[in-house]
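The values are calculated or read from the model by the stated rules, or taken from the named source; none is laboratory data. What you are looking at is a predicted structure, and each value in this text was computed from that prediction instead of being measured. Don't worry about glycine lacking a Cβ; one is built from the backbone with ideal geometry, like all the others, and counts go over all protein chains shown. These area figures cover heavy atoms from the full protein model, side chains too; ligands, DNA and RNA do not enter into them. Shrake-Rupley method; radii C 1.70, N 1.55, O 1.52, S 1.80 Å.
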Amino acid sequence: MLFRSDAPPEAWDGDKDERVAAREAWLAWTERFAKSGKPSVPEPARFRDRTLVVLLDMGQVAMLDSSDKPLWMIRRADFPLDAEPLPGNRVLLAENKANRVVIRSRTGAVLWEHAVDSPLVAQAVEDDRVFVATRSELFEVDRAGRRVRSWTRPDGETYMRAMRLPDGGLAVVTFRQRFIQLDPSGRVTRAFPVIVTTSGGRIDVAPDGRVLVPMMVQDRVVEYAGDGEIVRSFNITEPIIAQRLPSGHVMVTSMDERMALEFDATGRRSWRFESPAGRLTRAVRH
């Protein structure tokens, strides 16, 4: 129920009649969903050409339209190290300093939360679950707050980044400067050295096994093949996050330049958005 794309939209302003209508629509939808007995599986989202950006130092999360104008802004997120847009103008956040993962509305209202020490990643997965990563834990929690799945730490590693993969496996980056991939049973299927010096957020793995690694101290983003060989790289000042877009482009955020940048397949910059103040650490195009 948390992630279904057929959920009704929220009210967009403070008009009383609109708020009442939105509440009635949500109650009616919830009743229909409860009677259906069907699990809530995330569906492929319709591309809307919007960009969710996180201004970490300001504690702000903003949704930009196709002209990079803010549609809405959450102003009091507590050090969000991961962010994911959800249907209904909601966002899933790993609020690191607040010790919780949380779903907020576009106004910032808390719609759901789960307490966990210093979360690094919060990722919506199937069956209304949220995958959570901390420095020492990898687990999934359901909407009732129950831990329904967890993974054993390979070789006692401490995590910097993580992502739950579509097949149920995991990809992680550890403080030992290793990329590790686990199959659904938790078995290590591959590992190779990487140079990652910032914690929080995900590591991008393509269906064919290619891995995008932002190497901040080397001022470049490197793409590795499935066997750990370098496929390509391009220069950018202090990259924090690198993520593939459906178009085949790559979205990168820069620590030093405080901006988000989009690069095409040849490494040429095709878009950028500058932070008004402080670090811009996440940018999710959808």
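Just to check your reading of the model, which residue among 119, 87 is in contact with a Ser or Thr (Cβ under 7 Å, 6 or more places away or on another chain) and crowded, with 22+ Cβ neighbours inside 10 Å? Steps first, please.
Details: 87 fails: crowded, with 22+ Cβ neighbours inside 10 Å.
Testing whether each residue is in contact with a Ser or Thr (Cβ under 7 Å, 6 or more places away or on another chain) and crowded, with 22+ Cβ neighbours inside 10 Å leaves just 119.
Checking each residue in region 34-63 for being open to solvent by 10 Å² or more (accessible area, probe 1.4 Å), of a type in the set (Ser, Thr, Tyr) and modelled with pLDDT of 95 or more picks out no residue at all.
Working only within region 259-286, note down all residues that are part of a loop (DSSP other than H, G, I, E, B) and of a type in the set (Gly, Ala, Ser).
Quick first cut of region 259-286, residues part of a loop (DSSP other than H, G, I, E, B) only: 264-268, 275-279, 286.
Passing the criteria: 265, 267, 275, 277, 278.
None of 209, 228, 248 is more than 21 Å from the chain's Cα centre (by Cα) and either more than 30 Å from residue 57 (Cβ to Cβ) or outside any strand (DSSP E or B) (or both) except 228.
Within region 232-253, being out of contact with any Lys or Arg (no Cβ under 9 Å at 6 or more places or on another chain) and within 18 Å of residue 197 (Cβ to Cβ) holds for 237, 238, 242, 252. Checked against the criteria, residue 197 does not count as in contact with a Leu (Cβ under 8 Å, 6 or more places away or on another chain) and open to solvent by 20 Å² or more (accessible area, probe 1.4 Å).
Would you please name the residue that is surrounded by the most Cβ atoms within 10 Å (Cβ to Cβ), looking only at residues in region 256-278 that are in contact (Cβ under 8 Å) with a residue 60 or more places away in the chain and closer than 19 Å to residue 67 by Cα?
Restricting to residues being in contact (Cβ under 8 Å) with a residue 60 or more places away in the chain and closer than 19 Å to residue 67 by Cα, the top hit is 260.
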